[in-house]
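Here's the structure we're looking at; comments come further down.
The values are calculated or read from the model by the stated rules, or taken from the named source; none is laboratory data. Quantities reported herein were computed from a predicted structural model and do not represent experimental measurements. Heads up, the Cβs are rebuilt from the backbone with ideal geometry, glycines too, and the neighbour counts pull from every protein chain shown. Each accessible area value is taken on the protein alone, full model and side chains, heavy atoms only, with ligands, DNA and RNA left out. Shrake-Rupley method; radii C 1.70, N 1.55, O 1.52, S 1.80 Å.
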Amino acid sequence: MAVPLRASSPASTVLVCGGAGYIGAHMCKQLAEAGHTPVTFDNLSTGHRWAVKWGPLVEGDLLDEMKLADVFAEYRIATVMHFAARSLVGESVVQPGLYFRNNVTGTLNLLEAMRAANVRSLIFSSTAAVYGIPEYTPLDELHPTRPINPYGWSKLMAEQLIAEYAQAHGLRAACLRYFNAVGADSEGEIGEAHEPETHLVPNIIKAALEPDAEPVTIFGNDYDTPDGTCIRDYVHVEDLCAAHLLAMEYLARHEGGHAFNLGTGSGSSVGEVLAACRALLGGKPQATISSRRPGDPVRLVASAEKARSELGWAPRHTLADAIKHASAWHRAQIEY
Ligand code: UFG
């Protein structure tokens with residue numbers, strides 16, 4: 001078993017919207033290991049059919065209300081985990097409509113389908129992007145929410161919809177605000193496969209492992225940080241998923257809507273991540289410095305104290321573990 005789990009919730013059917021994507025697929029594995037049946041609902045626009053291995057796949061779109069109603073009629077769903085979203089900040093700036101339609105209207109349709117089917121437990125993938133530019137760090141859940149891009153706004157608007165449904169319709173909901181998800185399944189069964197890949201750790205790994213790869217690009221080394229590069233809070237995907245299982249148990253005991261930050265509480269700079277990767281990848285890859293990427297906050301580090309005290313969550317993996325697992329996954333993809 002990848003992560004020691006507390007399988008204390010009774011076995012149930014969990015609808016995993018976006019279960020064919022990076023975090024959703026890891027979630028399906030943990031749900032199955034804990035004795036639950038994950039039913040994936042995914043339009044496969046960014047997810048992969050091959051990633052759905054731990055339960056049935058219903059190919060469908062959150063914008064298709066009939067299809068959503070069908071899935072609730074077909075399965076006796078106890079809890080919904082909602083990972084299905086567009087999630088690239090840069091893309092959201094040039095195509096805001098895509099983000100509001102998928103992430104906000106999609107969530108509204110899901111909430112309506114849940115209400116109609118009387119399903120009252122929702123775990124929602126939110127993001128540190130709801131906070132915008134930090135006024136202080138580490139960021140706790142009381143920090144003002146002032147997104148600086150359509151992606152962050154779409155997630156904050158979805159959180160607001162969820163809060164209103166909790167208030168009006170007795171929905172129980174946990175909005176989990178992820179910091180930077182990294183890593184892959186520690187047993188090598190699933191991993192990250194974005195097209196195009198924009199995230200730091202997979203880009204470094206690809207630059208190190210793929211034949212004839214270009215050097216990785218570092219977006220700016222003139223920030224006000226010790227080495228001049230941006231600082232992020234990298235949290236292993238298995239730890240993120242473990243928090244969802246704990247949130248499911250939490251909602252069995254608590255009414256209303258709740259928000260939790262999920263991060264390690266410790267930041268690493270881009271330079272430190274590169275050094276950690278090089279230490280594990282034979283000194284590779286080469287790196288080049290380019291100008292800053294628009295919209296990158298200098299420092300995003302979570303206070304996950306609330307998740308620790310209320311959910312009983314503690315990340316178990318280090319950044320080195322995440323790099324090790326992600327590089328094993330990428331190596332296997334290249335060999336395959
Ligand atoms: N970076 C590079 N080179 C790369 C890729 C990234 O230098 O090839 C840098 C970025 O500029 C940033 C850091 O590495 O400083 C992390 O970038 P990522 O793209 O890996 O992650 P982000 O912090 O931009 O994004 C994460 C989530 C988003 C979320 C955002 C909130 O992946 O979903 O945090 O700010 F919206």
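Checking TYR234, TYR223 one by one, the residue that is modelled with pLDDT of 95 or more, under 18 Å from SER87 (Cα atoms) and aromatic (Phe, Trp, Tyr) is TYR234 and no other. Looking at PRO226, PRO294, PRO285, just one residue is out of contact with any helix residue (DSSP H, G or I) (no Cβ under 8 Å at 6 or more places or on another chain), within 16 Å of the ligand (Cβ to nearest atom), touching a residue at least 12 places away in the same chain (Cβ under 8 Å) and not in a helix (DSSP H, G or I), and that residue is PRO226.
Just the residues that are under 14 Å from LEU88 (Cβ atoms) and modelled with pLDDT under 95, please, taken from the stretch 179-197. Walk me through how you get there before you give the answer.
The first filter runs over the stretch 179-197 and keeps only residues under 14 Å from LEU88 (Cβ atoms), leaving 180-181, 192, 194-197.
Correct list: HIS194, GLU195, PRO196, GLU197.
Which members of the stretch 50-74 meet the condition of being part of a helix (DSSP H, G or I) and either modelled with pLDDT under 95 or closer than 23 Å to ARG101 by Cα (or both)? If the condition is that a residue be part of a helix (DSSP H, G or I) and either modelled with pLDDT under 95 or closer than 23 Å to ARG101 by Cα (or both), then GLU65, MET66, LYS67, LEU68, ALA69, ASP70, VAL71, PHE72 are the ones that fit.
Listed here are the residues, each with its yes/no results for (1) of a type in the set (Ser, Thr, Tyr); (2) within 30 Å of ALA279 (Cα to Cα); (3) not in a strand (DSSP E or B).
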{"residue": "GLU159", "(1), (2), (3)": "no, no, yes"}
{"residue": "ALA181", "(1), (2), (3)": "no, yes, no"}
{"residue": "ALA184", "(1), (2), (3)": "no, yes, yes"}
{"residue": "GLU187", "(1), (2), (3)": "no, yes, yes"}
{"residue": "HIS194", "(1), (2), (3)": "no, yes, yes"}
{"residue": "GLU197", "(1), (2), (3)": "no, yes, yes"}
{"residue": "ILE205", "(1), (2), (3)": "no, yes, yes"}
{"residue": "VAL235", "(1), (2), (3)": "no, yes, no"}
{"residue": "ALA247", "(1), (2), (3)": "no, no, yes"}
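Filtering ASP222, ASP227 for residues that are of a type outside the set (S, T, N, Q), touching a Ser or Thr at 6+ places or on another chain (Cβ under 6 Å) and open to solvent by 50 Å² or more (accessible area, probe 1.4 Å) leaves a single hit, ASP227. In the stretch 147-180, the qualifying residues are those that are among the basic types (Lys, Arg) and within 13 Å of the ligand (Cβ to nearest atom), and the one that is surrounded by the fewest Cβ atoms within 10 Å (Cβ to Cβ) is ARG177.
Only one entry of VAL237, VAL201 meets the criterion of being in contact (Cβ under 8 Å) with a residue 12 or more places away in the chain and under 30 Å from TYR165 (Cα atoms), and that entry is VAL237.
For the stretch 198-218, taking the residues that are closer than 19 Å to ASP233 by Cα and open to solvent by less than 30 Å² (accessible area, probe 1.4 Å), the one that is nearest to the ligand (Cβ to nearest atom) is identified as ILE218.
Please indicate, with yes or no, whether at least one residue in the stretch 83-105 is of a type outside the set (D, E, K, R), under 22 Å from PRO10 (Cβ atoms) and over 19 Å from the mean Cα position of the chain (by Cα).
No: the stretch 83-105 contains no residue that is of a type outside the set (D, E, K, R), under 22 Å from PRO10 (Cβ atoms) and over 19 Å from the mean Cα position of the chain (by Cα).
One residue stands out among those in the stretch 165-203 that are farther than 16 Å from PRO315 by Cβ and among the hydroxyl-bearing types (Ser, Thr, Tyr): the one that is farthest from the chain's Cα centre (by Cα), which is TYR165. Contact map, the stretch 32-52: first residue at negative phi and free of Cβ contacts under 8 Å to residues at least 60 places away in the same chain, second residue among the charged types (D, E, K, R) and open to solvent by less than 40 Å² (accessible area, probe 1.4 Å), Cβ cut-off under 9 Å, separation 6 or more or different chains; pairs are PRO38/LYS29; ARG49/ASP42; VAL52/ASP42. Only residues that are within 12 Å of the ligand (Cβ to nearest atom), among the aromatic types (Phe, Trp, Tyr) and open to solvent by less than 10 Å² (accessible area, probe 1.4 Å) were counted in the stretch 230-271, giving 0. Return yes or no: is LYS324 open to solvent by 50 Å² or more (accessible area, probe 1.4 Å), touching a helix residue (DSSP H, G or I) at 6+ places or on another chain (Cβ under 9 Å) and within 18 Å of ASP239 (Cβ to Cβ)? Spelling it out, LYS324 is indeed open to solvent by 50 Å² or more (accessible area, probe 1.4 Å), touching a helix residue (DSSP H, G or I) at 6+ places or on another chain (Cβ under 9 Å) and within 18 Å of ASP239 (Cβ to Cβ).
Inside the stretch 132-143, residues that are assigned to a loop (DSSP other than H, G, I, E, B) and either in contact with a Gly (Cβ under 7 Å, 6 or more places away or on another chain) or open to solvent by less than 40 Å² (accessible area, probe 1.4 Å) (or both) make up a count of 5. For the stretch 92-110, filtered to residues that are within 14 Å of the ligand (Cβ to nearest atom) and touching a residue at least 60 places away in the same chain (Cβ under 8 Å), the residue that is least open to solvent (accessible area, probe 1.4 Å) is SER92.
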